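Undergrad: The structure that follows is given in the form of structure tokens.
The values are calculated or read from the model by the stated rules, or taken from the named source; none is laboratory data. Bear in mind that the values here come from a model prediction, so they are computed numbers and not experimental data. Here the Cβ positions follow ideal geometry from the backbone for every residue, glycine too, while neighbour counts run over all protein chains shown. Ligands, DNA and RNA are excluded from the accessible area calculation, which covers all protein heavy atoms including side chains. Shrake-Rupley method; radii C 1.70, N 1.55, O 1.52, S 1.80 Å.
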Amino acid sequence: MSLTDILSPSDIAAALRDCQAPDSFSPKKFFQISGMSKKTSSQLKEIFRILDNDQSGFIEEDELK
């Protein structure tokens, strides 16, 4: 499964564009723009699993890139 199976590619792109400026990241706004605020807890867990490549329980900056 990939991230785009859960979230719209255009919503992901919009959320990333919104936080490009230094110090502009707002988790609440990012969740809203990306569509994550409308997902179930199981869908959010799957998104986390996809992003946590090393299965450390954390999403590091390198994994987000």
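Undergrad: Scan segment 26-45 for residues that are part of a loop (DSSP other than H, G, I, E, B), over 10 Å from the mean Cα position of the chain (by Cα) and not basic (Lys, Arg) and jot them down. Talk me through it step by step, then tell me what you get.
TA: Taking segment 26-45 and keeping what is part of a loop (DSSP other than H, G, I, E, B), we get 26, 35, 39-40.
Keeping just the survivors that are over 10 Å from the mean Cα position of the chain (by Cα) gives 26, 39-40.
SER26, THR40 - these are the residues of segment 26-45 that are part of a loop (DSSP other than H, G, I, E, B), over 10 Å from the mean Cα position of the chain (by Cα) and not basic (Lys, Arg).
Undergrad: Could you list, ordered by first residue, the pairs with Cβ atoms under 9 Å in which the first is in segment 27-56 and touching a residue at least 40 places away in the same chain (Cβ under 8 Å) and the second is aliphatic (A, V, I, L, M) and surrounded by 15 or more Cβ atoms within 10 Å (Cβ to Cβ), at least 6 apart or interchain?
TA: GLU46/ILE6; ILE47/ILE6; ILE47/LEU7; ILE47/MET36; ILE50/ILE6; LEU51/ILE59
Undergrad: Next question. Can you work out which of the residues in segment 46-65 that are part of a helix (DSSP H, G or I) and among the aliphatic types (A, V, I, L, M) is surrounded by the most Cβ atoms within 10 Å (Cβ to Cβ)? Can you show your working first?
TA: Going through segment 46-65, the residues part of a helix (DSSP H, G or I) turn out to be 46-51, 61-64.
From what is left, the residues that are among the aliphatic types (A, V, I, L, M) are 47, 50-51, 64.
Values: ILE47: 19, ILE50: 15, LEU51: 13, LEU64: 8.
Per the criteria, the residue is ILE47.
Undergrad: Looking at segment 1-16, can you tell me whether even one residue there is touching a helix residue (DSSP H, G or I) at 6+ places or on another chain (Cβ under 8 Å), of a type outside the set (S, T, N, Q), touching a residue at least 12 places away in the same chain (Cβ under 8 Å) and open to solvent by 80 Å² or more (accessible area, probe 1.4 Å)?
TA: The initial filter retains those residues of segment 1-16 that are touching a helix residue (DSSP H, G or I) at 6+ places or on another chain (Cβ under 8 Å), namely 1-4, 6-7, 11-12, 14-15.
Then drop every residue that is not of a type outside the set (S, T, N, Q), which leaves 1, 3, 6-7, 11-12, 14-15.
Keeping just the survivors that are touching a residue at least 12 places away in the same chain (Cβ under 8 Å) gives 1, 3, 6-7, 11-12, 14-15.
When the remaining residues are screened for being open to solvent by 80 Å² or more (accessible area, probe 1.4 Å), the result is 1.
The answer is yes, given that some residue of segment 1-16 is touching a helix residue (DSSP H, G or I) at 6+ places or on another chain (Cβ under 8 Å), of a type outside the set (S, T, N, Q), touching a residue at least 12 places away in the same chain (Cβ under 8 Å) and open to solvent by 80 Å² or more (accessible area, probe 1.4 Å).
Undergrad: Quick one: would you say GLY35 is of a type outside the set (A, V, I, L, M) and touching a Leu at 6+ places or on another chain (Cβ under 9 Å)? So that I can check it myself, show each step before the final result.
TA: Working: of a type outside the set (A, V, I, L, M): yes; touching a Leu at 6+ places or on another chain (Cβ under 9 Å): yes.
Yes: the conditions hold for GLY35.
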